[in-house]
1. Which one of these is open to solvent by 20 Å² or more (accessible area, probe 1.4 Å) and outside the structural domain of Thr282 (by TED's automatic domain parsing): Glu58, Glu91?
2. Consider His22 carefully, then state whether it is modelled with pLDDT of 95 or more, within 17 Å of the chain's Cα centre (by Cα) and open to solvent by 50 Å² or more (accessible area, probe 1.4 Å).
3. Can you find a residue that is open to solvent by less than 10 Å² (accessible area, probe 1.4 Å) and of a type in the set (D, E, K, R) anywhere in the range 277-296?
4. With the checklist (1) open to solvent by 40 Å² or more (accessible area, probe 1.4 Å); (2) within 19 Å of Gly217 (Cβ to Cβ); (3) assigned to a loop (DSSP other than H, G, I, E, B) in hand, flag the one item Ser273 doesn't pass.
5. Go through (1) within 14 Å of the ligand (Cβ to nearest atom); (2) under 26 Å from Tyr15 (Cα atoms); (3) in contact (Cβ under 8 Å) with a residue 60 or more places away in the chain for Leu259 and report which single condition fails.
6. Any residue at all in the range 139-162 that is without any contact (Cβ under 8 Å) to a residue 12 or more places away in the chain, more than 20 Å from the chain's Cα centre (by Cα) and open to solvent by less than 50 Å² (accessible area, probe 1.4 Å)?
7. Could you go through the range 320-331 and let me know if any residue there is more than 25 Å from Thr109 (Cα to Cα) and among the aliphatic types (A, V, I, L, M).
8. Please state which of the following conditions Glu126 fails to meet, knowing it meets all the rest: (1) acidic (Asp, Glu); (2) part of a helix (DSSP H, G or I); (3) open to solvent by less than 50 Å² (accessible area, probe 1.4 Å).
Amino acid sequence: MELATPICKEMGIRYPIFGLAHSIDVMVALGKAGGYPVFGAARSMPEEIAAEAKIMQEELDGLPFGIDLMIPASVGEETDRKKVVDSLPQEHKDFVAGLAEKYHVPEATKPTFFSSQTRSQQLFEEQMAATLESGTHSFASAVGMPPEMIGRAKRYGKKTISLVGAPRHAAKARDAGVDLIVAQGYDAGGHTGPIGTFSLVPQIVKAAGDIPVLAAGGVGHGCHIAASLALGAQGVWLGTAWLTSKEHALSDVLTQKLLKATSLDTEISYSHSGKPARLIKTAWTEEWNKESAPTPLSMPYQQVLTADIIAGINEHEVEPLIYDATGQCIVWFNELKTVDEIMKRLVSETNDSFANITRLTGA
Ligand SMILES: Cc1cc2nc3c(=O)[nH]c(=O)nc-3n(C[C@H](O)[C@H](O)[C@H](O)COP(=O)(O)O)c2cc1C
């Protein structure tokens, strides 16, 4: 039996399995394996987005791919990073300096997206323009998509995808004319709302009306894909799944942490961005949980505050502190695999789950 739903024909893919990652190599492998790749470009500068889209277009040779940006509902107008740094509270700067000293974090030698500028409305507008002018097939947004933006993306011939974590957001996305809604539950890696995937998906399906829905958050095995279809979704959207793929090629230190992790090894923390995000538990999350730690700053100031130390941690692979966004389904990713192997496993397990349901129900 071929694992396919109407969304496959609509989006031009073999399997209703969508994947978000910040790695071009994962995107290319996922598209070739029959899934729908969506590149997370929130940390890319506009000129990088144009170049990244070009590579995906060439390597995928006609297969569709999407680009995801984070619409900064709560970021300011200030584009001068130094002014923003100067305005941060001294208590927070001292805390971060204390972490750097305690864990011997060397300074980064290369700038990163977060250590070189600050998120602003202007930057987002430039990222959006680069995305719409690129060869991307769709445009996805994590935090709401205003109707004018949907109209603008459609005028460029792009499909629009909105990630939502609550039923009221789904109704808004539907009314604004979005093509596809991703219902992302609490199990998910990265920024997440408080409603669990099982409770969320059927509510979003109901609110979405005729708009197809994908289930996200906690999908790590084919049984989750079969369950997602039973909940009324037309497919699934995965993020954690690709972190331990050979193509993602995260640092060895981080990969080993993720391969050993269980569902108990992630937690919701405000320390990453100022908004609740599910991360792998590390000394980084522990330190910010301490009573003596300051309350993380709001978005985008927390990432301005931590940009330099995070750049140092990642570049020099500082074992106790290195982390990434990670969902509870990390437990199903305990061996380094290629994206193609992950896809084949998911598809085969989904078919086994369908067969199991048939056996159980005698249907
Ligand atoms: C490492 C990582 C980075 C993520 N970055 C983004 C992002 O930039 N934009 C976005 O819309 N979602 C992002 N997400 C969330 C995913 O799009 C997806 O909804 C989520 O991973 C699904 O849950 P799962 O992690 O259980 O598969 C990220 C998730 C992870 C694990």
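The values are calculated or read from the model by the stated rules, or taken from the named source; none is laboratory data. In this text, all values refer to a predicted model and were calculated from it rather than measured experimentally. Quick reminder, even Gly has a Cβ in these numbers, built from the backbone with ideal geometry, and neighbours come from all protein chains shown. Note: areas computed on protein heavy atoms with side chains; ligands, DNA, RNA excluded. Shrake-Rupley method; radii C 1.70, N 1.55, O 1.52, S 1.80 Å.
1. Glu58
2. Details: modelled with pLDDT of 95 or more: yes; within 17 Å of the chain's Cα centre (by Cα): yes; open to solvent by 50 Å² or more (accessible area, probe 1.4 Å): yes.
Judged against the criteria, His22 is a match.
3. For the range 277-296, residues open to solvent by less than 10 Å² (accessible area, probe 1.4 Å) and of a type in the set (D, E, K, R): present.
4. (1)
5. The failed condition is (1).
6. Of all residues in the range 139-162, those without any contact (Cβ under 8 Å) to a residue 12 or more places away in the chain come to 148, 155, 157.
Narrowing further to those that are more than 20 Å from the chain's Cα centre (by Cα): 148, 155, 157.
So of that shortlist, the ones also open to solvent by less than 50 Å² (accessible area, probe 1.4 Å) come out as none.
No, the range 139-162 has no match at all.
7. The initial filter retains those residues of the range 320-331 that are more than 25 Å from Thr109 (Cα to Cα), namely 326-331.
Adding the requirement that they be among the aliphatic types (A, V, I, L, M) leaves 330-331.
Checking the range 320-331: at least one residue is more than 25 Å from Thr109 (Cα to Cα) and among the aliphatic types (A, V, I, L, M).
8. Evaluating Glu126 over (1) acidic (Asp, Glu); (2) part of a helix (DSSP H, G or I); (3) open to solvent by less than 50 Å² (accessible area, probe 1.4 Å) leaves (3) as the failure.
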